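Report on the following structure.
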Amino acid sequence: MEDNLVKHQWQIELGERRVETLKSVSGISFKQEYIQLLQNSPDGKPVPDLVLGAPEFYGTLTLTRGLDKSERFTQWISESRDPAKAESSSQTIVLAYVNERNEVVRRFQFEGARPSSWSGPDLSAGDSSAVEETLELTYVSANPI
């Protein structure tokens, strides 16, 4: 019997490589400001017009992943906590939404991303569920690519 369940996934890219598959991603949003200006029509009457303003910067993204799945990604998280390396720890992060054949459906790029919060797993004796951690990233700008 053929499995008709479509399995889409989020994968994170650092540089040119996909380094990890994520369990979930939340907080992807893009906001654009529009400014209302009053223009004068040829007959002198005010006419409202919307003009594209600046995109809204600084957002937050929440990633859920298995504990220590990607060494490279984990190293970046650790280095960002070191005060000596904090200034240079911002990265361009790309989230790739892939289909069941591991083909990219859509990419989202987050400039100036830095880990801002980390939550470890809740563990109970005898619990057989997967161990997960949650990472919150703050970014400077975001764009679908």
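The numbers here are math on the coordinates, done by the rules we state, and not lab data. Given the structure is predicted, the values throughout are model-derived calculations rather than measurements. Note: ideal-geometry Cβ built from the backbone for every residue, glycine included; neighbour counts use all protein chains shown.
Using Cα centres only, tell me the gap between the range 5-33 and the range 90-145 in whole Å.
So the two Cα centres are separated by 6 Å.
Mind pulling the angle between the C-alpha long axis of helix 71-80 and the longest principal axis of the chain? Nearest 10 degrees, somewhere in 0 to 90.
60 degrees
Based on the Cβ-Cβ distance of Lys69 and Asp49, what FRET efficiency does E = 1/(1 + (r/R0)^6) give at R0 = 41 Å, to the nearest 0.05?
Approximately 0.25, to the nearest 0.05.
Could you give each residue of the range 105-110 its phi-based ³J(HN,Hα) in whole Hz, using Karplus coefficients 6.51, -1.76, 1.60 with θ = phi - 60°, and x for Gly or Pro?
Ordered by residue, 3J(HN,Hα) equals 8, 7, 10, 10, 10, 10 Hz.
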